[in-house]
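In what follows, a structure is listed as structure tokens, so that the remarks can point back to it.
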Amino acid sequence: MRFWRLLRRLIATAVVLAIILVLLFRFVPPPTNYYMLSERLRLGEIERDWVPIGEMAEWLPLAAAAAEDANFCAHSGFDIEGIRGALADEDRLRGASTISQQVAKNVFLWPARSWLRKGLEVGFAVLIELTWSKRRIMEVYLNVAEFGEGIFGVEAASRRYFDTSASGMTPRASARLMAVLPDPKNRSPVSGTRYIQSRGRAIEQGAGTLREDGRAACFL
């Protein structure tokens, strides 16, 4: 009995702490995360500079949505159609992971795949969707996503690859930056490979479509 009481208290404490952190990060930039800390230990240093979404070129969030989650404004954290497609095709497993889920994983959890982490990811994604605006979710995503070895966030990536700030990114540069996802360690937005060129064109076109048809209204 004592063990179960202790376990219930630990779970309740963890839930309360999770809620407090989610509410805090609605207003305060997350200072770091598990993966950034591990990369800092491995590499010695990382590149990261937080920038508000209002100071980014609008093509960056547009390209992110086009590349990773075109239905971002329409769903409540989970892309049901993407999940169905992933269940039918294991190669599309990442396609079921929305930007909200990626923020939950990147900010609060660890990268290794497991049922425990996936379950916690769902819980955090629900909390995030309930308490953050879509614009805030996109802002945090763009500031914590990895775009190269030791390069986190669009500001650091823009300066490293394109010698400009996030505010100066063009539609093409924004699209090619997002083309490195989900494998930023093995892809470069300035590599000029056939994949980056073709994927970049597709993302750039998709970003323009999202801008024109209103599906980006929740974060622009």
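Details
- Computed from the C-beta positions of L220 and L116, the FRET efficiency with R₀ = 41 Å rounds to 0.70.
- Distant-in-sequence amide contacts of I151, defined by a placed amide H-H separation under 5 Å and a gap of 5 or more residues or a different chain, comprise E47.
- Helix-only CD estimate at 222 nm, as mean residue ellipticity for the chain, using -39500 (n - 2.57) per DSSP H run (n ≥ 4): -18500 deg cm²/dmol
- Pairwise label distance in nanometres, R26 with D183, each label 7 Å out on the Cα-Cβ vector: 3.9 nm
- Span-like helix criteria (full DSSP H runs; alpha carbon extent of at least 27 Å along the helix axis; mean Kyte-Doolittle hydropathy of at least 1.0) are satisfied in the chain by 2-25.
- Estimated inter-spin distance, L41 and S198, nm [label 7 Å along Cα→Cβ]: 4.0 nm
- DSSP loop trypsin sites (Lys or Arg not before Pro) with at most 13 other Cβ within 10 Å: longest gap in the chain: 1-112
- Here K118 is the anchor, and the lysines within straight C-alpha reach of less than 17 Å, apart from those fewer than 8 places off in the same chain, are K105.
- The stretch between L17 and T164, if pulled fully straight at 0.36 nm per residue, gains 49.1 nm over its current Cα-Cα span.
- When peptides 202-208, 50-56 are sorted by average Cβ neighbour count within 10 Å, with the highest value leading, the order is 202-208, 50-56.
- Subtracting the Cα-Cα distance of L6 and V126 from 0.36 nm times their residue separation leaves 40.6 nm of extension gain.
- On the basis of the beta-carbon distance and an R0 of 25 Å, V190 and D49 show a calculated FRET efficiency of 0.85.
- Qualifying GluC sites (Glu not before Pro) in segment 111-175, DSSP loop, other Cβ atoms within 10 Å at most 16: E149
No value in this document is a laboratory result; all are computed from the given coordinates. Computed from a prediction, not measured in an experiment: that's the story for all the values here. Every residue, glycine among them, receives a Cβ derived from its backbone with ideal geometry; neighbour counts consider all protein chains shown.
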